[in-house]
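Q: Have a look at this one.
The values are calculated or read from the model by the stated rules, or taken from the named source; none is laboratory data. Because the structure is a prediction, the values reported are computed rather than measured. Cβ placement follows ideal geometry from the backbone for every residue including glycine, while neighbour counts extend to all protein chains displayed.
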Amino acid sequence: MTTDSLILPIALPLLGALLATALPRIAPLLGVLTAALTAMSGLWLTGLVWVSGDLSIVLGGWGLPLGIGLSADGLSAALLAMSSLVGLGISVYALGYFSGSERGLHFWPLWLLLWTALNGVFLAADLFNLYVMLELLGLSAAALGALTGSRDAVSANLRYLLVGLLGSITYLLGVALIYTAYGTLDIGLLSERVEPSALVSTSLVLMTAGLALKAALFPLHFWLPPAHANAPAPVSAALSALVVKAAFYLILRLWTDLFATITDAGAAFILGALGAGAILWGSWRALRAERLKLLAAYSTVAQIGYLFLFFPLLQALPPGPARDDLFAACVLMAVTHGFAKAGFFLAAGLVQKKAGHDRIDELGGAAQSMPATTFSIALAGSALIGLPPSGSFIAKWVLMQSALETGQWWWLIVIALGTLLAAAYIFRVLSRAFGQEPTPQCFITDARAEIPALLLALASVALLGLAAGPIWSLLGFEGVQI
Amino acid sequence: MTLWLLLLAWVWPLLLAWPTAFQGGRWQSPGRVSRNSSPLGTQPGTHPSTRPSTHPGIHTGNRAATERWRWTLPMLGPLPALVAALTLSVGARLELPWLFLGTALGLDATAQVYLLFTAILWLAAGIYAAFAFRGTPHVGRFHAVFLLTMAGNFWLIVGQDLFSFYAGFAMMGLAAYGLVVHDGSPLALRAGKVYLVMALLGEVSLFAALVMIAQQTGTTEPSPEDLTQLTGLPIALALVGLGVKAGLVPLHLWLPLAHPAAPIPASAVLSGAMIKVAILGWLRFLPVGAIALPEWGALVAAGGVLTLFYALPIGVVQSDPKVILAYSSISKMGLLMLCLGLVLMEPGLAPVGVAAISLYAAQHGLAKGGLFLGVGLRKQAPGQPGFIQPLVLGGLIILALALAGAPFTSGAVAKYALKPILAGAEWPWVAAAVTVATLGTILLMARFLWVVGLRSKRHPQPGLLWPGIAWSLLLALVILFPFALGKPASWLGDWLTISLGISFAGLVAIGAWRNPAWLSPVIGLIPAGDLLVLARPVGRIVVSLWRQLWQPIDALQHRINQAAIGRFERIFKRPDTDGEDALRRWPVAGGLWIGIIALLLVALLARSPLSQSAPSSESNEERPPPDLEVNPGLEVNPDLEV
Amino acid sequence: MIAQFLYGGAGILLFALGLWSLLVHAPLLRKLIALNIMGAGVFHVFIAIAHRGDALPPDPVPHALVLTGIVVAVSATALALALNSRLEQGENEPEPASSPSPGPRIHMQPALSTEPSSKGATHP
Amino acid sequence: MNRDLSLLIGILVALLAVVLLWVFHSTLALDPGQRLASLAMERLPETGVSNPVTAVLLNYRAYDTLLELGVLLAALLGIWSLGPPRPGFQRAGPALAAMVDWVVPLAILTGGYLLWVGGHAPGGAFQAGALLGAAGVIMRLAGHANAGLPSETWQRWLVVLGAGVFTLTGLLLAFTGYGFLTYPPGQAKWLILLIETAATLAIGVTLAAAYVGGRPQPTAPPPPPLVTSASAEADR
């Protein structure tokens, strides 16, 4: 029965989505209830993995390779916990954000379907099932992104949809090739059988390329900023914090698990170099961005870049404590960004709602009249910069140390420049909070909307930084050997 | 149990920051409008009832009740740290494996001195901040930021590992931005910008230095012996990273801007406590006493001398008392760096030297903090008893004398402690240079007293009784310092130099008194922020000289420039979105995508030829044997992984 | 094996053709058709590898995968067309209105193309 | 459009195709491996259906199919979120109307047949649902603005019917101890039929509703007369 609970984080939001579709009048209520249940099931599962190690189940009672497997290891569980908490925060926020608007009616079922797909991706152990999950993710994300109905949003998300389709089809071709050679789709079985060959390499490239499009790896990020910046705030948060991570998670899974025997330093260097490009270009564009949400979107591009910096280092380190540390740091970085960016977007959405726009240069008054929101932006920003004690500070520390250890010092320059640029764009926003006439307001003006943002940002700084150790134990590693 | 004080020392102010931010249930209380505010802040959409100053009576009842205690929180922040410094013995240590990735808090001899004077200073400044800001706009924000800065400062002192030091350093440095720009005036915002840019530069290089130190020593708590294996790069980065905080010329640019811009209690801790942590960092992360580093030592010492002498003349021509104090701080930091450099060159000096340096840092911290707070007290409102201002002035004179190192003051004792370092140095002229600097300091202090005594502009402020009492206690500490710590031999200090200096300063003062226009051309010759302001005209002069001297080269260069600019413009000067717009076109993005696929294919296919069995055995041979691989001491060449 | 390679190879060629067309041609409808052709190409590969010689029945798993894939492709195409039609529908109604139909205008439905030339033809 | 760029892309794509063909060919030359086929065939009798493809879709890999219904629903919800549908076409002329009267019932009937036959021969829920959807498309083309669909409330229940029955069956089985989507022996056939029927209805309604292309309206707007459209065209 414990392994049966693997299905809950997928089945519950799916059921909720169906109900919210059928009963639009009470969709917000159903949505929040489902969100609470889904988050609970996700956390429960994370706890199970923590206590009893990896879980897996094969649906349908047919066993492998005929059935479809679900599995949760530390990596899945960490991301599942992130999607649970961030998803819950987004849901509570959306309750306030969409209250009384017709958009909420469309938001809830789509958002729950998106969540289904997210959890599905994190738990899937079957390559073709992942394709279906990715499509569900892409479709619901594009539909959600276009929810404002503005011309910019619709065209940006149309492009997003097409890019997503291109990515999934390419991924599917890679799956077809793998099936040709090994006759199975289960990741666990495949990782035992895969041997270096031209076919396997090609299918790795195809899958990686398809997923890199979806993960918005520079220079394939072109679709992300308009799509994320024009969506409603809760949707932007979900897209930036969670959806992009799903594609990244798969790439990480493929490179370190399924295809671990055939990856190679040169290819990993290419990914790292693209990541470096993402950091510099994304941060620079964020610095030049005129709108708050655009800034956040470009910052996502940069943060995704950091995640790809881990690949050449993971490749270069031999298995052992040092590599474990690096792997855990990578997960920590991804999770921290999930919390921080969700908090940032939610707060940005409040500022936008209050001021009626989100042009950074004119935000002084709005920012100052919403202290809790400004505070959330500051907290999330410090996690994006990588200031202590946030989780990304530790991740960057381990990253830099591994770069030194493997002799790949050039990544240090990239990290330092990226950090400076990040600090510049965050403080560019924060400096608006000073130097204006005070507009006396309560610290918290709209609890339902402001508290989720605040808590998410706080988690990225305090929870993930001060107590990073649990991530290590969740992944089954000894603890830090720095 | 008492060990937990080490944790409480910095967690306590951190915890207090939260309720402080909600001060009075409001982010800021109505009724007063910031001096420097413009009327643009409120946007038309806000509720009319929430507008400031039109309804001064809004906060009543509950809010007033919470107001009654929340404003006191800044005073309570430093108490655990103070208790820890007083009760814990050297060598106390608290392991916290769950924090971050495992850290340790503890007190060594240096840290104890630092914690003590830092806590005292924060307490005095906290009392000042609590009373002086009570009921002003943004009080919550100021107090919260103040407590955050305090927490960072304590954290880096009690933290024994690299993590804690950096975490505290970053928290302190960035939160202090909020202190610097608190006024919101254009001046403060400019100072904040300069401060932030330099602080971030410093932080990034410090971070890189610490990562390298951890990597090269293999531990996050390096002992001086561990540190002997450091290569040049981390040392250089640590020098730059902390040099920004220390005000090492030319990294000092932020200091004379930030100190006057910040409110009084903030300047006091900035100058008294925060810039001192640079010395602490160097003592911890450079191999002090373990190995002679002649080149680095000489460099630090030379930087110290430069800083020492650079700041004095610029400081003398200033007319804002806080700017004068800022330059005096820079100069004193120069002296400390000089001593540190000498210790680095001659490790034998370390046992005495380290203690002397921390003692001097403590003395300067207390005196400088007192001076800044005193400047604030000079701004008291009229209507107070007439004897107060002369008393404040008197206190300031004592503090200035202490700073200058006059006999029977703490300065004399501290300087006496430095004597062995200066005497043991390889450079014979060092002692003479320090004597000259002492003269300069006296002039600077004279100038300060002149400005404070006669020229001080009075912004009436509400009664500052309690801050005044806190200040008097600080003053008493500075006065008692020599009698508590120093031997009688040290009390006199350098009495000859001092009296010479004082007489000279007196002469100048008399001259200026009789003929006020005498010195006016000099005053304000160099604006605060010296290099930053001077750089532009100097640059212009250099360029024009260059042009005149080298016409032909200039013409050639002009042509090259034109070509370069043309190209540059073609690439970059288009509207900013162009690069991104090009990427957004399908053919471009798609072409790049296929290019990436091709690169990845080439990289991976090159490795896995069609033959099915060969690659696995090949790659096994190429790798080093497994037992070598896991040995962390061995350098693993990444190319071998192929 | 030859037949299998020819069928699967045709699928790969379709994939490549679709990819080229997707990247090079601007109109949305062509992009969508290109994506569907790419998908069809991948499905061909699946069908080719389902073949197990003339004696044995084909592998049902790839067939089922193709069926699933087709439904997914249809859904995505439908959503893309709807988004496009919304984009064409006009700049004059930025919010998704809940009020009934905007006017008596008759559309040839579905309006399929973003091609400027075709737009020009319907709005002279 | 830049000619050079499109040429470059062409070359790159061609190279990619060559590499893919080479890899595909070299893999086919090897032993194709066991794959899942023989295993799937071997256990076919236990699945409750005799058509192997249906067995894969609704038994071995039923989870994929469930999510696929989710994808379909997501697309429809996305379409609905974009606003009201455009008005439909003008009412069909008598010849077309007569044909529609024949074709639509025929399509529904054929759909039912396909659903049933899916158990042992090519056919099944998707084919049947597609026919139902096609019937809806024909209705709308013939001037029924709502494509013959019921009211919004009904539509909403119908489009979630497939995935709903599927998920609930799965969860029920999980709670009764069989495991998610693990059919008890002997009941597989009927459960599959139940799910397939629900799915057919849902797919048919979803496809037709997607073709209508907007959030269902409370009342169907009357088909606009020909004259208005002509004048509207003339106005522009």
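Q: Only one of these is touching a residue at least 60 places away in the same chain (Cβ under 8 Å) and either within 7 Å of chain A (Cβ to nearest Cβ) or in a helix (DSSP H, G or I) (or both): B:188, B:199, B:175, B:170. Name it. It would help to see each step written out before you state the result.
A: Details: B:199 fails: touching a residue at least 60 places away in the same chain (Cβ under 8 Å); B:175 fails: touching a residue at least 60 places away in the same chain (Cβ under 8 Å); B:170 fails: touching a residue at least 60 places away in the same chain (Cβ under 8 Å).
Criteria check complete, one pass: B:188.
Q: Inspect all residues belonging to region A:186-198 and state whether any of them is among the aliphatic types (A, V, I, L, M) and crowded, with 24+ Cβ neighbours inside 10 Å.
A: No - not one qualifying residue is present in region A:186-198.
Q: Hey, can you tell me all the residues within region A:125-140 that are facing another protein chain (nearest Cβ under 9 Å) and either of a type in the set (Gly, Ala, Ser) or assigned to a loop (DSSP other than H, G, I, E, B) (or both)?
A: Once the filter is applied, which keeps residues that are facing another protein chain (nearest Cβ under 9 Å) and either of a type in the set (Gly, Ala, Ser) or assigned to a loop (DSSP other than H, G, I, E, B) (or both), region A:125-140 yields A:138, A:140.
Q: Right, here's the next one. Restricting the search to region A:142-156, which residues are within 9 Å of chain D (Cβ to nearest Cβ) and at negative phi?
A: Those that are within 9 Å of chain D (Cβ to nearest Cβ) and at negative phi: A:142, A:143, A:144, A:146, A:147, A:154.
Q: Hey, any hits in region B:409-422 for a residue that's modelled with pLDDT under 75 and not acidic (Asp, Glu)? Spell out how you get there, then give the answer.
A: Restricting attention to region B:409-422, the residues satisfying the condition of being modelled with pLDDT under 75 are none.
The answer is no; no qualifying residue exists.
Q: Quickly run through region B:87-103 and pick out the residues that are within 13 Å of chain A (Cβ to nearest Cβ) and under 13 Å from residue B:158 (Cβ atoms).
A: Correct list: B:96, B:99, B:103.
Q: Let me ask another. Quick one: residue A:69 ticks every box in (1) buried (at least 20 other Cβ atoms within 10 Å of the Cβ); (2) part of a helix (DSSP H, G or I); (3) not hydrophobic (A, V, I, L, M, F, W, C) bar one, so which box is it?
A: Result: residue A:69 fails condition (2) only.
Q: What's the number of the only condition in (1) exposed (fewer than 15 other Cβ atoms within 10 Å of the Cβ); (2) within 8 Å of chain A (Cβ to nearest Cβ) that residue D:4 fails to meet?
A: (2)
Q: Confirm whether residue B:363 is modelled with pLDDT under 90, surrounded by 23 or more Cβ atoms within 10 Å (Cβ to Cβ) and outside any helix (DSSP H, G or I).
A: Answer is no for this residue.
Q: Of all residues in region D:23-71 being out of contact with any strand residue (DSSP E or B) (no Cβ under 9 Å at 6 or more places or on another chain) and of a type in the set (Asp, Glu), which is modelled with the lowest pLDDT?
A: D:31
Q: Among the residues of region D:146-172, which ones are away from chain A (no Cβ under 14 Å) and crowded, with 21+ Cβ neighbours inside 10 Å?
A: D:146, D:147, D:149
Q: Could you run through region C:1-49 and say how many residues are facing another protein chain (nearest Cβ under 7 Å), within 22 Å of residue A:179 (Cβ to Cβ) and part of a helix (DSSP H, G or I)?
A: Summing the residues that are facing another protein chain (nearest Cβ under 7 Å), within 22 Å of residue A:179 (Cβ to Cβ) and part of a helix (DSSP H, G or I) in region C:1-49 gives 16.
Q: Out of D:95, D:128, I need the residue that is more than 10 Å from chain A (Cβ to nearest Cβ), assigned to a helix (DSSP H, G or I) and surrounded by 16 or more Cβ atoms within 10 Å (Cβ to Cβ). Which one? Can you show your working first?
A: Details: D:95 fails: surrounded by 16 or more Cβ atoms within 10 Å (Cβ to Cβ).
Step by step, each of D:95, D:128 is checked, and only D:128 is more than 10 Å from chain A (Cβ to nearest Cβ), assigned to a helix (DSSP H, G or I) and surrounded by 16 or more Cβ atoms within 10 Å (Cβ to Cβ).
Q: Another one. Pairs under 7 Å by beta carbon, first residue at the interface with chain B (Cβ under 9 Å from one of its Cβ atoms) and within 12 Å of residue A:350 (Cβ to Cβ) in region A:371-382, partner assigned to a helix (DSSP H, G or I) and among the acidic types (Asp, Glu), six or more apart or different chains?
A: Matching pairs, first to second residue: A:372/A:450.
Q: Still on this model: Go through the residues of region C:53-61 one by one and say whether even a single one is out of contact with any Cys (no Cβ under 8 Å at 6 or more places or on another chain), among the aliphatic types (A, V, I, L, M) and within 14 Å of chain B (Cβ to nearest Cβ).
A: No, there is no match, as no residue in region C:53-61 is out of contact with any Cys (no Cβ under 8 Å at 6 or more places or on another chain), among the aliphatic types (A, V, I, L, M) and within 14 Å of chain B (Cβ to nearest Cβ).
Q: Is there any pair with a first residue in region B:304-323 that is outside any helix (DSSP H, G or I) and a second that is at pLDDT 85 or above whose Cβ atoms are under 7 Å apart and which are 6 or more apart or on different chains, and what are they?
A: B:318/B:324; B:318/B:327
Q: Could I ask something else about it? Taking residue A:239 as the residue in question, decide whether it is farther than 16 Å from residue A:117 by Cβ and either away from chain B (no Cβ under 12 Å) or over 9 Å from the mean Cα position of the chain (by Cα) (or both).
A: For residue A:239, the condition - farther than 16 Å from residue A:117 by Cβ and either away from chain B (no Cβ under 12 Å) or over 9 Å from the mean Cα position of the chain (by Cα) (or both) - is not met.
Q: Also: Do the conditions hold for residue D:67, that is, is it within 7 Å of chain A (Cβ to nearest Cβ), in a helix (DSSP H, G or I) and farther than 30 Å from residue C:9 by Cβ?
A: yes
Q: Please verify whether residue A:201 is more than 12 Å from chain D (Cβ to nearest Cβ) and farther than 21 Å from residue C:39 by Cα, treating the condition exactly as stated. So that I can check it myself, show each step before the final result.
A: Working: more than 12 Å from chain D (Cβ to nearest Cβ): no; farther than 21 Å from residue C:39 by Cα: yes.
Judged against the criteria, residue A:201 is not a match.
Q: Out of the residues in region A:12-54 that are free of Cβ contacts under 8 Å to residues at least 12 places away in the same chain and within 12 Å of chain D (Cβ to nearest Cβ), which is nearest to residue A:101 (Cα to Cα)?
A: My answer is A:25.
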